[in-house]
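Below is one structure, written out as structure tokens, with a few remarks after it.
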Amino acid sequence: MVDLASFIFNQPARWNIQALTDCVLYVIETTDYQNIGRIIPHWTELEKLFIAKCFIVLEDRVLQHLSLSAEERYEQLFNFNKELFNQVPLQYLASMLGMTPETFSRIRKKTAAKTS
């Protein structure tokens, strides 16, 4: 997890990130990151592929928000990662899906009724 503008351009971070469960956090300093290219062969190619993948994920997320209904976004997330619904407060999932907690709750109730 990184605020890329902060990391690359040495700007104040725009994000606060809080872990919702216990985790292991690895940290790399900017100077150490810049030295990776000297240590790992083909690092620049790997880095370009990683950045391209990040943009694809972002592009997919934007496309989903523009083209899918709230119900479709809910169902897609639920089918992709059901565990999140037991691990993350539902208001965070609602926010991630671009809907109010009330809309999320209504869709959740409607979906549960369909599967019962």
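Every number here is computed from the coordinates shown, using simple stated rules; none is lab data. This is a predicted model, so every value here is computed, not measured. All Cβ positions, glycine included, derive from the backbone under ideal geometry; neighbour counts span all protein chains shown.
Here the spin labels are modelled as points 7 Å beyond Cα on the Cα-Cβ line, and at residue 50 and residue 32 they lie 1.3 nm apart.
In the chain, helices alone account for a calculated mean residue ellipticity at 222 nm of -20500 deg cm²/dmol, with every DSSP H run of four or more residues adding -39,500 (n - 2.57). Placing unit charges on each Cβ (+1 for Lys and Arg, -1 for Asp and Glu) gives the chain a dipole about its Cα centre, and among 11, 68, 41 the Cα reaching farthest toward its positive end belongs to 68.
If the reach is capped at under 22 angstrom between alpha carbons, list the lysines near residue 82, excluding any in the same chain fewer than eight residues apart. Counting by Cα, and skipping residues close in sequence, residue 82 has these lysines nearby: 109, 110, 114.
In region 1-72, what GluC sites (Glu not before Pro) fall in a loop by DSSP, with at most 11 other Cβ atoms inside 10 Å? Walk me through the numbers on the way to the answer.
On the way: sites: 29, 45, 47, 59, 71, 72; in loops: 29.
Those satisfying the criteria are 29.
Inter-label distance, residue 84 to residue 113: 2.5 nm, where each label sits 7 Å from its Cα along the C-beta direction. Cβ crowding within 10 Å, taken as a proxy for footprinting-reagent exposure, orders 62, 24, 88 from fewest neighbours to most as 24, 62, 88. Neighbours of residue 71, meaning other residues whose beta-carbon lies under 11 angstrom from its beta-carbon, give a summed charge of +3 when Lys and Arg score +1 and Asp and Glu score -1. Taking the Cα centre of region 1-67 as origin and assigning +1 to Lys and Arg Cβ atoms and -1 to Asp and Glu Cβ atoms, the resulting dipole is close to 120 debye.
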